[in-house]
1. For a distance above 15 Å, tell me the whole-number percent of Cα pairs in segment 116-191 that qualify.
2. Explain nothing, just the number: relative contact order of segment 71-191, from Cα pairs under 8 Å at least 6 residues apart, as a whole percent.
3. Name the residues whose placed amide hydrogens come within less than 5 Å of the amide hydrogen of F117, ignoring near sequence neighbours (fewer than 5 apart) on the same chain.
4. Using the Karplus equation 6.51 cos²θ - 1.76 cosθ + 1.60 (θ = phi - 60°), what ³J(HN,Hα) coupling, rounded to whole Hz, does each residue of segment 49-66 give in order, writing x for Gly and Pro?
Amino acid sequence: AAAGASGLCASLARALPPSSHLPQDGSSNICRDFPNVDPPGALFIVGTASKQAQKQVRVLKNHGIQKVSWSLGNTDDLPEGNCVITVKDPIRPEKSSQIDEALAELVANNHRGRDLFLTGGQTARSVLDALGVTELHPIAQPEIGTVISCTADGRLIVTRPGSFGTTDNLLNSLRTIQQLRALSSSIERTS
């Protein structure tokens, strides 16, 4: 295991033999590593105001994913199924930890067992802490820097830096998760 600056970890990844990299397309038999659960959708938490992330959210919305513009202090229930949460108000550094904590509480109260997409390191850390997730097992990497992991209870969680990835990054990650779940279900049926 390695921890540190992304540049350091990227250099380490390039130095390792190819077999040690995570799969790029999620097509290996890694699905056997998590229980076959049928989540009631996916919940995207976009805790960044980056322009790239906003473009990615527009792609999701154009593909039928419901968008909720959330404000600090809003404790309304989130809709069922696939949903992307963005922060409505400008994200100021002095409010970022408060926003992350409130987003984490919102997710903890509304996740309903959905797979999670967490953008931004502090947002991811806050949500994982609120859910009591202490261990993630990486299983796929749809794009460099975007990692799909599983938890012991079979939830899939995508983590990545906030202002990162191609315009289709979030949509491609959702498609990869859907492929992983379909493959897992197929393996379980034939076992």
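1. Details: 1577 of 2850 pairs.
Counting pairs separated by more than 15 Å, the tail of P(r) holds 55 percent.
2. Working: 124 pairs, mean separation 23.4, N = 121.
So the answer I get is 19 percent.
3. L43, F44, I45, V158
4. 9, 4, 5, 5, 5, 5, 5, 5, 5, 4, 4, 4, 4, 5, 9, x, 7, 5
A short reminder: the numbers here are calculations on the coordinates, not readings from a lab. Computed from a predicted structure; not experimentally measured.
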